[in-house]
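One structure below.
Here, each number is a calculation from the coordinates, and none is a lab measurement. What you see is a predicted model, and the numbers here were worked out from it, not measured in a lab. Glycine also receives a Cβ, built like all others from the backbone with ideal geometry; neighbour counts cover every protein chain displayed.
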């Protein structure tokens, strides 16, 4: 039972981290779009490329974040199904027993891959935003 609670807190922490990156991504896009007329329109076309790349990166980070949240939800649902199958299912075939023993984790590929892609896109977009700001303010 304690393992189940520890595992649940891992899923909660992963979900909260994903939501924070989603919130930051959308907030940064909102802020940069707000300053679209004053800063971005005055920037050189080569400098504007950086902000467009950052918007693309933030959009991808949001998409991968939603994928991560869906994967986390699916893993929790699978764990709940496996736990109920393990404790209450009278059929008890070998496949169900093997599936019940493999506890889902936040480190499984279905969660780790979209979470990694979300973080990579977020960091790349943040770097593009900083580069745009650097060039726009130095011009």
Go through 39-50, 16-27, 65-76 and give me the packing order, highest mean Cβ count within 10 Å leading.
65-76, 16-27, 39-50
Once you have the Cα-Cα distance between residue 20 and residue 123, take 0.36 nm times their residue separation minus that, and quote the gain in nm to one decimal.
35.7 nm
